[in-house]
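The values are calculated or read from the model by the stated rules, or taken from the named source; none is laboratory data. These figures come from a predicted structure and were not determined experimentally. Don't worry about glycine lacking a Cβ; one is built from the backbone with ideal geometry, like all the others, and counts go over all protein chains shown. Please note that ligands, DNA and RNA were not included when accessible areas were found on the heavy atoms of the full protein model with its side chains. Shrake-Rupley method; radii C 1.70, N 1.55, O 1.52, S 1.80 Å.
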Amino acid sequence: MRFYLAKKSKTYITVDDKYLSIIKRPYRLPFTKDEYYLIDEFDQIYTRKRPNPNGGGKSIFEIHAVLNTPKGQKHIKLSPILESKSKAQYIEQEIEQHLGITDRPVPEED
C-alpha cells in the first residue's frame, strides 16, 4: 500500500510486510531523513484537527500514530498538513485496515 500526498513537496507513506516508511521529497531540511517504523509497534492511528497556522476559519488535519516501543509509548506524525477531513480519515482508515488495527478512541483525536 502506498499513499502520495503532495503540496510543495511529496510525502510517500508505504506499508510493506515489515515496515511503515515515510519518505519526503524533496527534503524540507538538508538533514531530513526517511523514517521507518516496525508495523508490529503500531497501536493506533488517528486524525488530529489543528487551527490553520495562516489564520482564517478553516482547520487543517494531520494523521498521527501511537507506537508501543520497548522504551514506552510514542506519538508520531505520519502525514503533512491536509486540508480535507474526509481525505485524512480515509487515509487513516486505509492504514489501519492494512495494519490490521481496530479503531478505538484516542484522547488527542478529533
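For the stretch 27-110, applying the loop criterion from DSSP together with a ceiling of 15 other beta carbons within 10 Å to the trypsin sites (Lys or Arg not before Pro) yields Arg28, Lys33, Lys58, Lys71.
Pairs exceeding a 28 Å alpha-carbon distance, out of Lys33/Lys71; Lys10/Lys71; Lys10/Lys74: Lys10/Lys71. Taken along its principal axes, the alpha carbon cloud of the stretch 31-110 reaches lengths of 41, 34, 21 Å, longest axis first. Using a Förster radius of 25 Å, what is the FRET efficiency between Glu41 and Tyr12 based on their Cβ-Cβ separation? Nearest 0.05, please. According to the calculation, E is roughly 0.80.
What's the longest bit of the chain with no exposed chymotrypsin sites (Phe, Trp or Tyr not before Pro), using DSSP loop states and at most 14 other Cβ atoms within 10 Å as the test?
Answer - 32-110.
Across the stretch 11-77, the mean sequence separation of Cα contacts (distance under 8 Å, 6 or more residues apart), normalised by length, yields a relative contact order of 21 percent. A straight Cα-to-Cα reach below 17 Å connects Lys58 with the aspartates and glutamates Glu83, Asp110, residues fewer than 8 places away in its own chain not being considered.
Expressed as a whole percent, the accessible surface of the chain that belongs to carbon and sulfur atoms is 49, based on a 1.4 Å probe.
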